């Protein structure tokens, strides 16, 4: 930052000198004296450049530290709101009705610009709703509220006409929709049965490891280019589908009969993992001889590839991630499994336990590999003696489920490593070359008015001409 400040002072100082010599050559009465130039340099060097550069540096550094990660949770409540409709009221599906006259003023001027105010009658209209009520739907979750659909007509809209003689046009019904949305109805059915569904949300966080270009803790692999050439490295998942779902199971050389089941089991698994252990599991199932010949090299290349912010930007694999690669040779059973986390340290016992698990006895099915985690409501006592409804995961014994939760051996339980342990890397993080240019440019623009002020109202402007 010091070098950038020095460069800013030099650039602004040169701009002042150029302006001074230009005005001197033109013998303009308004000019910059040497006294003013010295004062300007002091103001720029002591106040403006340090403050503007520091602010720009802080903003750029904060942007470089910001990355995205998945948060996982559960559905809590299906919310259905009935909105009573009225003329000029809160409803959205309306038509112009009930005309009324308003006297509107306007100005008339003659050739001598003598103006008078006159009035003319204009017809205006009220907004009448088609229906006597509209419905809005949402889902409240442990990760916040989601609006599913708004201002829909009720079921059988014509039976809910606001004026019995005014039918609702079919195009208006098609545009707004009517009755209960399919997505919301499925959520309500789950919640009524006491079985909340999974929710995933993209959130921002700070990652010193990804932001730093110098740390030895960054993951590297010389095999990335080879595996990429063979199209064996899938991109890291970063999208949300269908409101709040994310498909984090990927398949390389393997076509499952039940891809939907893999995604569903993994989403439920992650809902509990996110709420209880603040983790996020990414699963890659591979059926490929090249990968199976050296699973460890593949896992290292995959993590290093997903960690590459130059490729994936803010969506590079996050600190709370668990990456599990499952290998199969015949497509029916597990041959080997490797795992790693998004952090360079921690959870070593979990990683070893996943590697050494007797996978040869495990069929390649979502229930056997991942597990069948479900959510359930329960009543928890609060410190003030009240009770609160909460959600927890119910475990059914899949291999990864037992290891990651430490159901058999508590020491294998996933433990989210805090990024605070790597705060010391903050000193390595600097703005990019592009960001430094913009800091310099903005600093120059902020400092330039100092010279313009001296030109406009400086010492020579005050002096009277003899």
Some residue of the range 306-314 being surrounded by fewer than 23 Cβ atoms within 10 Å (Cβ to Cβ), modelled with pLDDT under 95 and at positive phi:
yes
If you check residue 339 against the conditions, is it at pLDDT 95 or above and either in a strand (DSSP E or B) or buried (at least 16 other Cβ atoms within 10 Å of the Cβ) (or both)?
yes
Qualifying position, being in the same structural domain as residue 391 (by TED's automatic domain parsing), within 23 Å of the chain's Cα centre (by Cα) and under 14 Å from residue 235 (Cβ atoms), among 313, 274
313
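Which of the residues belonging to the range 393-420 are outside any loop (DSSP other than H, G, I, E, B) and either modelled with pLDDT of 90 or more or in contact with a helix residue (DSSP H, G or I) (Cβ under 7 Å, 6 or more places away or on another chain) (or both)?
Looking only at the range 393-420, we keep the residues that are outside any loop (DSSP other than H, G, I, E, B), and these are 393-394, 399-404, 410-412, 419-420.
Of everything in the range 393-420, those that are outside any loop (DSSP other than H, G, I, E, B) and either modelled with pLDDT of 90 or more or in contact with a helix residue (DSSP H, G or I) (Cβ under 7 Å, 6 or more places away or on another chain) (or both) turn out to be 393, 394, 399, 400, 401, 402, 403, 404, 410, 411, 412, 419.
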Any idea which residue in the range 1-21 is surrounded by the most Cβ atoms within 10 Å (Cβ to Cβ), counting only those that are modelled with pLDDT of 80 or more and either out of contact with any helix residue (DSSP H, G or I) (no Cβ under 8 Å at 6 or more places or on another chain) or on the phi > 0 side of the Ramachandran plot (or both)?
6
Looking at the range 286-306, I want the residues that are closer than 14 Å to residue 355 by Cβ and have a partner that is in a helix (DSSP H, G or I) and modelled with pLDDT of 95 or more with Cβ atoms under 6 Å, at least 6 apart or on another chain. Which pairs are those?
298/291
Flag for residue 331 being in the same structural domain as residue 226 (by TED's automatic domain parsing) and assigned to a loop (DSSP other than H, G, I, E, B):
yes
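So that you can scan it fast, the table gives a plain yes or no per residue for (1) farther than 30 Å from residue 416 by Cβ; (2) modelled with pLDDT of 85 or more; (3) touching a helix residue (DSSP H, G or I) at 6+ places or on another chain (Cβ under 8 Å); (4) not in a loop (DSSP other than H, G, I, E, B):
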{"site": "52", "(1), (2), (3), (4)": "yes, no, yes, yes"}
{"site": "77", "(1), (2), (3), (4)": "no, yes, yes, yes"}
{"site": "83", "(1), (2), (3), (4)": "yes, yes, no, yes"}
{"site": "100", "(1), (2), (3), (4)": "yes, yes, no, yes"}
Of the residues that make up the range 214-224, is at least one under 22 Å from residue 321 (Cα atoms) and part of a helix (DSSP H, G or I)?
yes
What residue, among those in the range 371-403 that are surrounded by 14 or more Cβ atoms within 10 Å (Cβ to Cβ) and out of contact with any strand residue (DSSP E or B) (no Cβ under 7 Å at 6 or more places or on another chain), is nearest to residue 417 (Cα to Cα)?
403
Identify, by number, the condition in (1) surrounded by 11 or more Cβ atoms within 10 Å (Cβ to Cβ); (2) within 30 Å of residue 240 (Cβ to Cβ) that residue 128 doesn't meet.
(2)
Being farther than 30 Å from residue 199 by Cα and touching a strand residue (DSSP E or B) at 6+ places or on another chain (Cβ under 9 Å) is the filter here, so list the residues in the range 277-297 that pass it.
288, 291, 292, 295, 296
Got at least one residue in the range 33-54 being surrounded by fewer than 11 Cβ atoms within 10 Å (Cβ to Cβ) and touching a residue at least 24 places away in the same chain (Cβ under 8 Å)?
no
The correct count of residues that are in contact with a helix residue (DSSP H, G or I) (Cβ under 9 Å, 6 or more places away or on another chain) and part of a loop (DSSP other than H, G, I, E, B) in the range 240-290 is 10
Given the structure, is residue 283 surrounded by 18 or more Cβ atoms within 10 Å (Cβ to Cβ) and over 26 Å from the mean Cα position of the chain (by Cα)?
no
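So, residue 353, is that one assigned to a helix (DSSP H, G or I) and buried (at least 17 other Cβ atoms within 10 Å of the Cβ) or not?
Numbers: assigned to a helix (DSSP H, G or I): yes; buried (at least 17 other Cβ atoms within 10 Å of the Cβ): yes.
It is true that residue 353 is assigned to a helix (DSSP H, G or I) and buried (at least 17 other Cβ atoms within 10 Å of the Cβ).
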What strands (runs of 3 or more DSSP E), lying completely within the range 106-198, carry at least 2 residues that are touching a helix residue (DSSP H, G or I) at 6+ places or on another chain (Cβ under 8 Å) and touching a residue at least 24 places away in the same chain (Cβ under 8 Å)?
133-141, 144-152
Only listed residue being surrounded by 14 or more Cβ atoms within 10 Å (Cβ to Cβ), part of a strand (DSSP E or B) and touching a residue at least 60 places away in the same chain (Cβ under 8 Å), chosen from 72, 64
72
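The values are calculated or read from the model by the stated rules, or taken from the named source; none is laboratory data. For clarity, every value in this text was computed on a predicted model and none was experimentally measured. Positions of Cβ are backbone-derived with ideal geometry, glycine not excepted, and every protein chain shown enters the neighbour counts.
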